[in-house]
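What follows is a set of notes on a single structure, which appears directly below.
The values are calculated or read from the model by the stated rules, or taken from the named source; none is laboratory data. Predicted model only: the values in this text are computed from it and were never measured. Virtual Cβ from ideal backbone geometry, glycine too; neighbours counted across all protein chains shown. What goes into the accessible areas is simple: the full protein's heavy atoms, side chains included, and nothing from ligands, DNA or RNA. Shrake-Rupley method; radii C 1.70, N 1.55, O 1.52, S 1.80 Å.
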Amino acid sequence: MANYTKKILAQTLQELMKEKLLDDITVRELIERSSMNRKTFYYHFHNIAELLKWIIKENFSSVKILPIALDTWNINTINLLAFIKENKFFFHSIHYSRYCAEIRMYLKLLLDDDIHKFVAIAWEFYTRNSAIECTLTEANQNYIVKYYSGAIYSLLEEWLLGGMKEPINDFVDILVKLVNHSMYQAFDSLSITI
């Protein structure tokens, strides 16, 4: 029942977003339109930003993401970009609202988690194929994750806001070229020889 209620609130918010600016939508309007009461809304969400995060997380679960690996990165990125393109109105609405900073941080944290997994796998590949024994401190690994997460997020955001002119496959090819070569250079620079 709780998931059903959340879905009704999410659907109602998305309908309202097609009619007016996100900043102009109030909890009162949302609950009236969804035939819910204020107590029900606040039982599930503290505010509209939390509802937006729930919508994103719920919708992201429908994106086909393969287990993070060196050879699945392209496919996962293509699927994610297709999802963003299908939901561009939703993401544009958030970007031009007062919720932008909070949702941007939330999305970046989601991206950080996947980038962290990818960096760990790339590091394992790097050390397996390295001629010397080396280690990477947790702090340096976190710097690499934050660097690539920020760069990739910025490029995705620019692609979205720029009208998604590059075809998804072309955009992913550029991302892959940027990440693949420079990540191993980062490992070379930041690793410590044992």
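Results, tabulated for the structure shown:
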item: Heavy-atom accessible surface of the chain: percent carbon and sulfur, 1.4 Å; result: 55
item: Mean Cβ neighbour count within 10 Å, used as a protection proxy, ranking 133-139, 82-88 highest first; result: 82-88, 133-139
item: Asn140-Thr40 FRET efficiency (beta carbon distance; Förster radius 41 Å; 0.05 resolution); result: 0.30
item: Relative contact order, percent, the chain [alpha-carbon distance under 8 Å, six or more residues apart]; result: 22
item: Using θ = phi - 60° and Karplus 6.51 cos²θ - 1.76 cosθ + 1.60, couplings along the stretch 142-157 (whole Hz; Gly, Pro as x); result: 5, 4, 4, 4, 4, 4, 6, 4, x, 5, 5, 4, 4, 5, 4, 5
item: Contact order relative to length of the stretch 65-174, as percent, for alpha carbon pairs under 8 angstrom and 6 or more apart; result: 39
item: Mean separation of Cα contacts under 8 Å (6+ apart) over length of the stretch 1-48, as relative contact order %; result: 38
item: Volume in Å³ per residue [convex hull over Cα atoms, computed for the stretch 104-194]; result: 91
item: Given (1) 38, 18, 14; (2) 26, 22, 16; (3) 34, 20, 18, the label whose value is semi-axes √(5λ) of the Cα gyration tensor in Å derived from this model; result: (1)
item: Computed over the stretch 146-193, the ratio Rg/Rh where both radii use C-alpha atoms and Rh is Kirkwood; result: 1.10
item: Distance in nm between pseudo-label sites at Ala131 and Tyr96 (7 Å out along the Cβ direction from Cα); result: 5.6
item: Whole-number accessible area per residue in Å² for the chain, which is evaluated in the context of all protein chains at 1.4 Å; result: 59
